[in-house]
Every structure is written in structure tokens, then in C-alpha cells.
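Nothing in this text is a laboratory measurement; each read-out follows from the coordinates by a stated rule. What you see is a predicted model; the values in this text were computed from it and never measured. Please note: Cβ atoms are built from the backbone with ideal geometry, for glycine as well, and neighbour counts cover all protein chains shown.
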Number of protein chains: 2
Amino acid sequence: MMSMPEKKQPKPAQAEEGQTTAEQVEAMAKRRGFFWPAAQIYNPIAGFWNYGPLGTAMKAKFVELWRKTWVKEEGAHELDTADMLPEIVWVASGHSQGFNDKQTICTGKDKHRWRADHLIEESGKVKEKLEGKTTDELAALIKEHNIRCPKDGSKLGDVFVFNLMFSIPVGALGENKAYLKPETTQSSVIDFPFVYRSQRGKLPLKIAQIGKSFRNEISPRQVLIRMREFWMAELQVFFNPKSTDWPDYNSVKDFQLRILPVDGRSKGEALTVPVSDALKKGWIPNQLIAFYLAKVQRFYESLGFPREHLRFKELTPEERAHYSKAHWDFEVKTDFGWVEAVNNAWRGDYDLSRHQQYSKQKLDVFEDNEHILPNLYEPSFGIDRTLFMLMLTTWHNDGKRTWLSLPPILAPYHVAVFPLVKKDGLDVKAEELAKTLRKRFDVIFDPSDSIGRRYARVDEVGVPFAVTFDYDSLKDGAVTVRNRDTTEQVRVKIAQLESWLAERLK
Amino acid sequence: MMSMPEKKQPKPAQAEEGQTTAEQVEAMAKRRGFFWPAAQIYNPIAGFWNYGPLGTAMKAKFVELWRKTWVKEEGAHELDTADMLPEIVWVASGHSQGFNDKQTICTGKDKHRWRADHLIEESGKVKEKLEGKTTDELAALIKEHNIRCPKDGSKLGDVFVFNLMFSIPVGALGENKAYLKPETTQSSVIDFPFVYRSQRGKLPLKIAQIGKSFRNEISPRQVLIRMREFWMAELQVFFNPKSTDWPDYNSVKDFQLRILPVDGRSKGEALTVPVSDALKKGWIPNQLIAFYLAKVQRFYESLGFPREHLRFKELTPEERAHYSKAHWDFEVKTDFGWVEAVNNAWRGDYDLSRHQQYSKQKLDVFEDNEHILPNLYEPSFGIDRTLFMLMLTTWHNDGKRTWLSLPPILAPYHVAVFPLVKKDGLDVKAEELAKTLRKRFDVIFDPSDSIGRRYARVDEVGVPFAVTFDYDSLKDGAVTVRNRDTTEQVRVKIAQLESWLAERLK
């Protein structure tokens, strides 16, 4: 059981000997209210997290930015859909059969549970590829190589299939079997014809969704990286497969893409090449996909991820779903190694054709005297892990202080306002200033404690600027503004403060 | 199975003989993309709806407005929490035992399922009050009065308890029993001490949440009114029960409140009285609650609900939960009768004390040399039903045309831009104008069809202004702007158009 937080004021993090960045960030996040485990006064179930006030603000700002970049800028139609969908949707999509882990349980008394392929791989005893192996083949390998439970050395049982979707009986007698959605894609696919017609659409037609997904992960881990309930933001581009030249391609053709194509995987290092080169070399099949890969990377760079910590890993045909025509994992380098942030998948017409078959409804469109069953290309963003990885990336500790260099657009607060001391009317004046600034910015007012401790508190949660109202302010109508990243202090006239800040908080 | 939408351009609604407003609005909403049933290409499960592009835009705007009014203006701490919580949370909150319907199933071959109390009430045979009756007592009444299945006249079976929460086995062996939350309150309660401490809080401390709730309703109905998955927005005010005088009370004391107190229920008509009178008469127990009741009503009036269609219905002690210290259903008058939009509940310290007991953690705070277990007061808003009822309320049909007089702040589009005709460069100029306006407003550009039909299309979905670029515009640099509600047309200089619109779209 988690113990209750101590009854004292939050203090800035100290660089703890032997603590990883992830451990430091997690501790800070819980203490200051970015996120904490759901139901933490009880024994929480792994993989469920709540955003506290600072995390909620940061996530809301991320959603707003994502919407601006991936909905408005794209002219996409956004949907807001139900989390539960009837079983037939998942039969049609293939999730009922294919959204599985192959697992095995040890015969020891604790009945440890494992993913069979991971276990075989990690044993180092088997060199052959495991993708596509059946449960029987995996069981045979375990037997042949005498692979045992890594925890207690006991024998392993049969290999069986475990579906990761949460199933829900709906209705008085549970007569309607539904599943919580493990991705938002399928709602966009089955609603595609309604969006197309109600919005008088034409191909390419873009649908966007921001919503939760639910997966019964066996071993949720790495804080917000592998969760059982998580937020996704997805853009679905429905297009005529004959029309993959993309009008916006020119805006990205010289962009330096970080790419690890299948034929470079053995070397392990991503290449940095202009988009046009990747296209010429055949690493990317068409302009449409080239445009969206570049846009994804550019978006992450704009959040503050260094280019060299980003890469597109192309999946091999064995790693991809059988219907997939191309697939890149967009990955971010972290303490935990390379972690997937955005799934970039060309799914062909698989989804529409399957739902057409199962619903017996025509889902194609008629354009230019032709019936077209559109192809689907989709970048699918993990919101929680992106925010957590951004915190890991922007967490700094130089031995003297710790600070979180969040981009101003995602910082929970834009600016902190302090009176130098809580007397002589400085606090009143400072609070008035905070109130004025609040009309335009997210402001935290903090009147107590030494100024050094107050700086430390706001640095730690990523407040870009701290404004101090001091005795001189009463005379010169100016305040001291301190920069979170450089600790540089400048004197700014109060009359100019709002525009001074606005310019730097873009 | 739903049939697919016809392959033609959406047409404005016609007033259909014999159709209720709700039926007309529902048909329009499906056709134009406000909302439609989830998984409608299949056989949808009742009670699950998706927002289409227009509904998603309207809902996002509602959330933004709610956040401005109930989070920022209140200085509340917003949380974004997990949808599944472990069973113990619901045992402590009382939902495991008490969130029930008492049901009975008929012995006919179709096994119709009924809420026992509704059935007895509607039979007209029983005069006594049914609140608090046990399953055995209800069964005895059914037997005594020979109440039968209204559908097939068959005998009714036993009365049993049916819990409305969706239960989910989490983990490989389902070893962690969880429930999808039927309300967001409990997360705010169990996170209260963490918010209080991480945000250096003081009482009164306010927490807000916007999130989904899930209930296994036996008969979902009335479109977005009774759903199985729905959005709520809640403010939880944690306060010292000794401090219910409220600093902002003065701003509402003369506000005309629509109130139906318990002692006026027999007359059935709500009274319109100044808040201060309701307080003096003892209908409202304190300033805190008076302030929030007034704020709720004011918020709904600002959305465009007429005052006389709103009322606070006080619940009797029998109707309230046993721990409830006071409770008002804030109701809106619709085609379906009075429908609850906001639940206003003074929950005492019940929630905190129960979670304290079950978690064995201290959840109180220490202020002014006193340990205080705060009281909780909560207005809890149903988002989907509010939006649907707003559409019902603002739907107009004068025999000549239909229009939706949504408040500009919630309209999916602020302004439509039309070229008078699609030639002579008018379309190019109009599209340029649309592009310019898009920087500041949500704009729909519609170049085809007669101007009358285009007006009708945008009226129906509530676009406040339609701008037409015509031949004169080429000469005089002005456009015709038509008002959705009055159909009045005025000529506005393009150079002034942005500020002209901004002033009217506040």
C-alpha cells in the first residue's frame, strides 16, 4: 500500500544518488501533481494512472496543440466516439482472433505468467525468428531447449492464446457482448461513409479522434509507457490508392528525416536523410506517406525532443500485420531504450473491406465515375507516453538545481509571480499583477518562503518565467523576470510585461 | 439494422407532419453529423452514441466553456482520471451495494424485464410510497395486487437486485476486480488529500473533472438523455462545514431562482424568487449552496435556455441518499417532460469518512489548529443530455424554414462563406475570404447550389452568420451578411468584417 504524502510543503527534487532520471521524474510527478497511480489510498491495480492538476493542464494543452496541428491544419473531421463497441466490430477487424499474446504459466507455486516469445528470446538459446510461430511450435521450443521460469526455475506449462481486449457483457442478461476499444481506428472506419456523406466529403478524406484505449496488459510497466488505460490521438487518411502524390509534399522534401529502413536494421543506426532521398531510394513508397512521416518528426522536434533522439523504424513484413502495406514505428530514445511514440501504418483497404464483408453494407465511394474502396494511412499517437517521455527529455539537473524545460506551449503554468517579501504591500501589489496577467496567461502566485526556494519550486515543474515584485518595483514600475532555463534575470517595465511575455511564450 | 445514408447532398429538414421536435432533431443530427448510434453499420447496442464532426465541435466548445466557468473562474484543480477503479473503491462508496435497480422478469416466453417499483407505480393499484421497500416487500405488493407483465400479461417472477455498474476482470487471471466508474466523484474524493498537499491547498478546496461514466441501463432511451456511456462535468467543493458563508454570495443574492421546494411539490409549479428570499425561507440551507445553485441556473440561461424552462426540484429525505444533507435536481423542460441536467448534492462528509474507514488512511486536513474532515458539495453536469436538450430548445420551424439558434459560443461553425455563383472569380475571392476568416473563426465554405438552399443548410446546423460574396463585392469591397435567427441581411465592408463578426459572436 502506498503511504500518504507527508504533511509538508513540496520541495524541489534533489538529485538522488543511484536514481535514474525516470525515477526522479516519477517521484517529482507524484509529489507535485503531474500524475499518480489511480486509487492510491488503496492497493492500486498496476497500469492505471490519474493526472493531477499539473498533468491535466499539460495534457489539455497537448490536446489543443494536437488538434491545431492534426485536425484544423489538416482540415480533418474530428469524431468523439463510444468506448464500447459490439463484438462483431472486433471480429470484422480481426482483433477477436488476432489481438493476442501467446502466454505460458510456470508450474511453481506462484504461477508466474510470461509471454512465451519473450521468454524464448531472452533465454538466448534459440536463434530462429519467432514471429508467426503457433502455440504448439513455441511450446515445442520451450521443451526442446529446456527453458524454465526465470523467477523460480520451475517447468513451464502449455502455451496458450490470451486476448488483450476487455470484454463486457452489456444489457440485463449480458445479452450484448461488447469490448472496450483497444484503439480508436475502428470507429473512424465504420463511421467513414457517414462522415463522407454528411460532410459532403471528397477523397482524400481525413478523420481524427482523441480518445481512450483499453488493453489488459499482463505486465504494465515503465510508468506512463505501458498502461492498461491510455489516451491516443489518431489521424485517419482515407485516400484513393491511385492518388498518392501529395500537394503538401514540397513543404517537406528537404526536411532531414531520421530513418532506419529494414535494410539498415542490422547496423542499428538511423540515418538522417532529406525526405526526397528516402523517397528516391524507395524507403518510403509515396509522397503521401513521406509528408506524414516528416510532419510527425517535425511535431516532436517542435515539442523539444532532440532530432538525434528520434527515429522511424521500418517494420519487416514478418513484423507487420498481414494486411499492412508499410509500417514505421516512430521511436523516442529514453532511459528505457527506444520507445514507440507514434505508429505509422498504411493499412491498405483491409479495414473497410472487412467491415463491408461483415456488415453487408457498401462502404465504397463513387468519384470520377469510379467506385473506390479507399486505402487508409494512419499516424496514431500515444499521448501519455509522449508527455512522460517529454518530461524525461526536458528534466535537467546540473548538481545545483533541477528544472524541467518544457516548451512554453505545454507548460502547466506560463509564469510565476512572487512578492519579494510578504509585507510592506509588496504581496498586495504582486497579487494584483498576477490577477492582471491571468487574463492572458496561466499564472501561479506564490508569496511564501525564501525567493530561492520559490524559484526551485517553479523550475522543477517547468514554469518558463518567474516575475518578482520587489521594493524597487514600487519606485521604478518594473519587475525582475527570471528565465527558467538560463536563470538569467532581466528588469522589465510592468507596462510592457504582458507583451514581453507573450513574445517569449509562443 | 440501420440502412446506409442515401448518396445525396444533405437537405434541410422539412417540418414533418406528426413528428415531434425530438424526432426532427434526431433525424437532422444523424443526417448532418451531430451524432449517430455507435457501430450503426451493424446492429447497434442501445445507449451508445458517437458524435459526428459537428457534434464533436459543439461538445469541445461546451467543454471549453465549462472549463472557463467552472474550473478557471472557480480556481478549481482539474483532474483527468482512470475510468476503471478497483472494487474496494465501490464497496467503500456504497455503489457495490446500493447502485441498483430492483427488477423482475416476466414468466412469458420473451422474458420481459422491468423495474419493479416503476411497474407497481404505473399499475395505479398501489398508493403507498415505494422508496426504501425491500425486494420481498415489492414482490409481496406485486402478488397482492396481481400486477402482471404490461407486454404479454404473464405473471412476474421474483424481485431481485441488479447492479448497474459494469464489472471488469483485470489482469491475466482476472485477479483484480474493477468497475467502470458510474460517476467521476469518487476519484476526486480519494485523490483529495493528494491534491490538497501537492497544490498547497486550503479549504474550501475545489476539484473538477470532465470525463466519461458508464452504467448498464436496462432501457436506454430518449436519444442522448439515457445512455450507457456518457460524459459528465463535475465540480467538487470540499469545505469546512462550519464555514458556509460564501464570499461570492453577494453577486447572486438578487438573482431570480427557479425553485420547487419540497413543501411546494404538491402544487407542482416552481417559484421564481430572489436567492436571498429562498435562503431566508430556509429552502436553501446556506450561502455556499445558494451561490452554486444560482451559478448553475445562470450558466444554463447563458446557453439560451429560457428561465421558465428551468427549475431546481428539491428531493425529499426519502428520495435522497441516506447520507445526503440536501439535494436538488436541476431540471430542463423538454418534449420528454422535465429532465434532470445537473445533480446538486450536499454529501456531508460521507464519502471521505467511508474511504477513510476502508483505506485506513487519514483523509482529514489540519487547519487553524483543528482536524477537519471536509464536507462535499457537488454540482454534476450531464454533458450529452445538456447538448441534446439545447438542440431541442433552439430548434425552430416557422413553416417556411427550420433553424437552430445555438449560442454562437457553441455553434460548430461561426460563419459560412458563399460565392453568389461559382464563376467569374467570385468563388476564388470568396474562398480567399474564408481563408482569412478561418484564422479567427470556424468557417464553412460552400460554393455550390442555389443561395436559398445554402442558407437553409447552414440555418439547420446553427451557423449564426452567412456571408455572400457577390458581383457588387468586386466593386464596393463589401459583402452581404445574413443573420440566422432574423434572416435580416446587411452590407458590411470586407475590411471591417472581422471585427463586425467578432463583436456579434461573443
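Take the Cα pairs of the stretch A:374-503, get the Kirkwood Rh, then feed it into Stokes-Einstein at 25 °C and 0.890 mPa s and tell me D in µm²/s.
In µm²/s, the coefficient rounds to 155.
If we restrict to alpha carbons, what Rg and Dmax does the protein assembly as shown come to, in Å?
29.9, 88
How many Å³ per residue does the convex hull of the Cα positions in the stretch A:221-284 occupy?
Cα convex hull per residue, to the nearest whole number: 175 Å³.
If you bin the C-alpha pair distances of the stretch B:100-162 every 10 Å from 0, what whole percents do you get?
Computed distribution, short to long bins: 25, 61, 14, 0.
Take the Cβ-Cβ distance between B:E73 and A:K111 as r, set R0 to 41 Å, and report the resulting FRET efficiency rounded to the nearest 0.05.
0.15
For B:D427, A:D80, what's the fewest-to-most ordering of other Cβ within 10 Å of each Cβ?
Exposure proxy ranking, most exposed first: B:D427, A:D80.
Counting Lys and Arg as +1 and Asp and Glu as -1, each charge on the Cβ, what is the dipole of the protein assembly as shown about the Cα centre in debye, to the nearest 20?
Dipole size: approximately 440 debye.
Can you sort A:I190, B:I409 by how many other beta carbons sit within 10 Å, fewest first?
B:I409, A:I190
Can you give the Kirkwood hydrodynamic radius for the stretch B:274-420, in Å, rounded to one decimal and based on Cα pairs?
Result for the stretch B:274-420, one decimal place: 18.3 Å.
Find every distance from the label point of A:K253 to the corresponding label point in the other copies (7 Å from Cα along Cα→Cβ) and write them in nm, one decimal, shortest first.
7.2
How far apart, in nm, are two points set 7 Å out from the Cα along the Cα-to-Cβ line at B:R221 and at B:D424?
5.7 nm
Where in the stretch B:153-237 are there GluC sites (Glu not before Pro) that are in a DSSP coil and have at most 12 other Cβ atoms within 10 angstrom of their Cβ?
Sparse-neighbourhood loop GluC sites (Glu not before Pro): B:E175.
One decimal, nm, shortest first: give the distances between the label point of A:T316 and those of the same position in the other copies, each label point 7 Å from Cα along Cα→Cβ.
A:T316 label point versus its equivalents elsewhere: 7.4 nm.
Looking at the stretch B:352-489, what % of its DSSP beta bridges pair antiparallel, to the nearest 5?
Roughly 60 percent of the beta bridges in the stretch B:352-489 run antiparallel, per DSSP.
How high is the FRET efficiency from B:S499 to A:E432, r the C-beta distance, R0 22 Å, rounded to 0.05?
Working from the Cβ atoms, E equals 0.15.
When Cβ neighbours within 10 Å are restricted to other protein chains, what is their mean count per residue of peptide B:268-281?
Average neighbour count from other chains, rounded to a whole number: 0.
Say each of A:E301 and A:E144 gets a label point 7 Å from the Cα, pointing the same way as Cα to Cβ; how far apart are those two points in nm?
4.7 nm
Taking all pairs of distinct Cα atoms, average 1/r, flip it, and tell me the Kirkwood hydrodynamic radius of chain B in Å to one decimal place.
25.8 Å
Could you tell me how many degrees, from 0 to 90 and to the nearest 10, lie between the Cα long axis of helix A:135-144 and the main elongation axis, the longest principal axis, of the Cα atoms of chain A?
So the helix axis and the longest Cα principal axis differ by about 80 degrees.
Starting from 0.36 nm per residue, how many nanometres of slack lie between A:V262 and A:R440 once their C-alpha separation is accounted for?
Result for the pair: 59.2 nm of gain on full extension.
Given labels modelled 7 Å from the Cα in the Cβ direction, how far is it in nm from B:K127 to A:E137?
Taking the two extended label points, one gets 7.8 nm.
Just report the Cα centroid separation between the stretch B:345-417 and the stretch A:124-170, whole Å.
A separation of 48 Å, based on Cα centres.
Please tell me which of these pairs span more than 21 angstrom C-alpha to C-alpha: A:K439/B:K506; B:K111/B:K133; B:K435/B:K493?
From A:K439/B:K506; B:K111/B:K133; B:K435/B:K493, over 21 Å: B:K111/B:K133.
Between A:H309 and A:E23, what's the calculated FRET efficiency when r is the beta-carbon distance and R0 is 22 Å? Round to 0.05.
Result of the calculation: an efficiency of 0.70.
Partner chain Cβ atoms within 10 Å, averaged over the residues of A:83-93 - can you pull that number for me?
Mean inter-chain Cβ contacts per residue within 10 Å come to 4.
Measure nothing but the geometry: give the 0 to 90° angle between the long axis through the Cα atoms of A:451-460 and the longest principal axis through the Cα atoms of chain A, rounded to 10°.
10 degrees
Taking the label point as lying 7 angstrom from Cα along the Cα-to-Cβ axis, what are the distances from B:G157 to the corresponding position in the remaining copies, in ascending order and in nanometres?
Relative to the other copies, B:G157 has label-point distances of 3.4 nm.
Return the calculated 222 nm mean residue ellipticity for chain B, to the nearest 500 deg cm²/dmol, obtained by summing -39500 (n - 2.57) across DSSP H runs with n ≥ 4 and dividing by the residue count.
Taking each H run of at least 4 residues, the total per residue is -9000 deg cm²/dmol.
Averaged over peptide B:48-60, how many Cβ atoms belonging to another chain are found within 10 Å of each residue's Cβ?
6
Over chain B, what relative contact order in percent results from Cα pairs under 8 Å that are six or more residues apart?
Over chain B, the number comes to 13 percent.
Among DSSP beta bridges lying fully in the stretch A:413-504, give the percent that are antiparallel, nearest 5.
55 percent
Taking just the alpha carbons, could you work out the radius of gyration and Dmax for the stretch A:184-338, both in angstroms?
Using the Cα atoms of the stretch A:184-338, the pair Rg, Dmax is 17.0, 49 Å.
Once you charge only the Cβ atoms, +1 for Lys and Arg and -1 for Asp and Glu, what is the size of the charge dipole of the stretch B:100-162 about its Cα centre, to the nearest 20 debye?
Using Cβ point charges on Lys, Arg, Asp and Glu, the stretch B:100-162 gives about 240 debye.
With Rg and the Kirkwood Rh both taken from Cα atoms, where does Rg over Rh land for the stretch B:311-350?
Over the Cα atoms of the stretch B:311-350, Rg/Rh equals 1.05.
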